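See structure below.
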Amino acid sequence: MSFKLDLVPGDALSPFQLGASLFNTLNLLQSYRQVYPSVKVAWDEDAPSTAPIHLILSTPPVSLLFHPLSQRLTRIEVREHPGDWVEYHGRSLRQDLGQGVTGEDGESDVVKTIRRVMGPTYSASSDNGGGEEVLSYPGVAFGVVKIGNGGSKLSRIVITPLPAPPNVPVQEAWLHPTLPDSPAVSQGDLRLVEIKVNEARLVQSVALSFHFPDSTTPPDPIVLQIGKTTSEDLLCELGSPIRSFWKEDDRMSIHSASAQGDAALSPNPYFISHPHLGLTFLIHPTSHTLLKIILHSNLPGEVNFGRSSRCSWEIVTPNSDRKGSSHPFSAISNLLLSSGDDGRHLGVHHGANGSQRSASVDSSGSHRSGGSGRSKGSKGEHSSSNGIRDHASLSGEPERPMILDRTVDGGDGAVNGKTTEIHGFPGIALEVTGSGDVETVWLF
């Protein structure tokens with residue numbers, strides 16, 4: 001084999017660092033396809049938003065486990081002759097294990113060898129029923145299986161974060177991998193978006209909080225206001241966008257009676273995208289003020305999976321009720337419908353609702369085209385939430401959601417023809433998957 005993986009207990013295995021985001025890890029693997037030729041993604045189809053995500057590499061034989069909500073790397077496991085791939089402090093484990101004490105059948109005693117290389121530790125944990133014992137150290141565990149007459153071999157190496165969870169013995173920490181609130185590798189990454197709404201459930205402001213070193217005072221959140229925050233503000237606060245592109249497609253204008261007339265003469269709004277933060281912004285073409293904020297969930301199995309980080313968000317009411325990306329759509333809908341006014345939940349329809357759908361498809365199009373950014377949206381970008389509420393009052397029943405198929409333009413999604421629903425509320429629209437999870441949030 002052409003390379004070795006350096007073991008750093010509790011921290012990393014060569015390029016794979018605990019706490020790294022799924023988005024960055026996927027980009028790493030794509031950038032070095034010759035080194036990592038085969039990667040499989042595994043997840044729970046019944047709970048894509050709340051179950052762990054697995055990346056399984058064939059060469060080297062490494063499994064990476066990501067937390068479902070933060071989508072950060074929480075465990076690294078090397079399988080299939082791990083001693084052939086891993087070295088510690090520049091020493092090949094394969095070479096060291098070959099110098100172990102030999103049993104009656106000629107096989108080396110791996111437990112003695114590990115203790116010689118790593119030092120003393122607690123006794124191996126009980127047999128788990130598969131013939132394996134686990135020898136644990138802080139941040140790393142070695143699976144050992146008995147073979148022949150007294151011999152043994154290394155079956156796997158598991159790297160987990162430090163410090164271990166409280167009240168968990170060292171010998172069991174590998175079973176309960178837990179990241180700190182702000183792992184070192186996450187510094188500067190987006191931690192949480194708080195969508196603050198008023199009593200009528202209209203968006204008042206959006207606060208962005210970032211990861212920071214535990215030893216420092218947390219910085220104040222970055223507060224954004226639609227219609228007031230400018231592109232220059234975003235540049236100063238978030239840095240240069242990774243992608244920017246014009247909104248070019250107006251197919252959604254068919255749903256808006258006001259989107260006629262001088263549409264061809266009007267300048268197009270433009271998008272700026274920060275996929276590493278899970279955020280995309282729509283900017284007014286002349287005033288350069290913020291029109292929409294788009295938050296991406298990066299759910300496995302969906303068409304846009306792998307094109308951005310997962311953005312963690314919460315809707316916060318004046319009485320501090322909170323629902324967000326860790327909750328199903330039903331709970332979020334109940335929160336948005338719990339206001340004291342007569343606002344109704346409606347499917348994306350006229351005016352601003354039409355623009356809700358445009359933002360979703362526009363942003364995903366930019367990821368496919370690498371910045372050229374085909375867009376779909378209505379001209380009615382300035383339609384207010386009052387327009388939605390007036391429309392809702394025309395009928396006694398809530399509107400049905402609109403159906404969105406992101407693969408109709410020839411995208412490379414996971415499942416051709418897989419559709420989602422767009423549910424609209426005053427100032428907020430949610431893209432909901434078949435599992436009842438929220439894939440995209442549009443704020444306008």
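The single condition from (1) in contact (Cβ under 8 Å) with a residue 60 or more places away in the chain; (2) over 30 Å from Gly424 (Cβ atoms); (3) surrounded by fewer than 14 Cβ atoms within 10 Å (Cβ to Cβ) that Lys228 fails is (2). Under the condition of being among the acidic types (Asp, Glu) and surrounded by fewer than 19 Cβ atoms within 10 Å (Cβ to Cβ), the residues counted in the range 52-81 number 1. Close Cβ contacts (under 6 Å, 6 or more residues apart or on different chains) running from residues in the range 199-217 that are on the phi > 0 side of the Ramachandran plot to residues that are at pLDDT below 95 comprise Arg201/Leu336; Arg201/Ser339. Checking each residue in the range 274-297 for being in contact with a Phe, Trp or Tyr (Cβ under 6 Å, 6 or more places away or on another chain) and more than 17 Å from Thr230 (Cβ to Cβ) picks out Ile294, Leu295. In the range 55-90, which residue that is small (Gly, Ala, Ser) and over 19 Å from Ser312 (Cα atoms) is farthest from the chain's Cα centre (by Cα)? Selected residue: Gly90. Considering only residues of the range 138-153 that are open to solvent by 20 Å² or more (accessible area, probe 1.4 Å) and not small (Gly, Ala, Ser), which is modelled with the lowest pLDDT? Per the stated criteria, the residue is Asn149. Taken over the range 154-177, residues that are closer than 15 Å to Ala12 by Cβ and either open to solvent by less than 10 Å² (accessible area, probe 1.4 Å) or touching a strand residue (DSSP E or B) at 6+ places or on another chain (Cβ under 9 Å) (or both) amount to 6. Do you know which residues across the range 296-314 are part of a strand (DSSP E or B) and crowded, with 24+ Cβ neighbours inside 10 Å? Within the range 296-314, His296, Trp313 meet the criteria. Residue by residue through the range 25-51, note down the ones that are under 25 Å from Trp174 (Cα atoms), open to solvent by 60 Å² or more (accessible area, probe 1.4 Å) and either in contact (Cβ under 8 Å) with a residue 60 or more places away in the chain or not in a loop (DSSP other than H, G, I, E, B) (or both). Within the range 25-51, Lys40, Trp43, Thr50 meet the criteria.
Please determine whether any residue of the range 248-255 is on the phi < 0 side of the Ramachandran plot, among the hydroxyl-bearing types (Ser, Thr, Tyr), buried (at least 16 other Cβ atoms within 10 Å of the Cβ) and at pLDDT below 80.
The answer is yes; a qualifying residue exists.
Taken together, Val185, Val117 contain a single residue that is under 25 Å from Cys311 (Cα atoms), open to solvent by less than 60 Å² (accessible area, probe 1.4 Å) and at pLDDT below 90, which is Val185.
The values are calculated or read from the model by the stated rules, or taken from the named source; none is laboratory data. For clarity, every value in this text was computed on a predicted model and none was experimentally measured. Note that we place each Cβ from the backbone using ideal geometry, even for glycine, and neighbour counts take in every protein chain shown. Quick note on the areas: whole protein, heavy atoms, side chains included, nothing else; ligands and nucleic acids left out. Shrake-Rupley method; radii C 1.70, N 1.55, O 1.52, S 1.80 Å.
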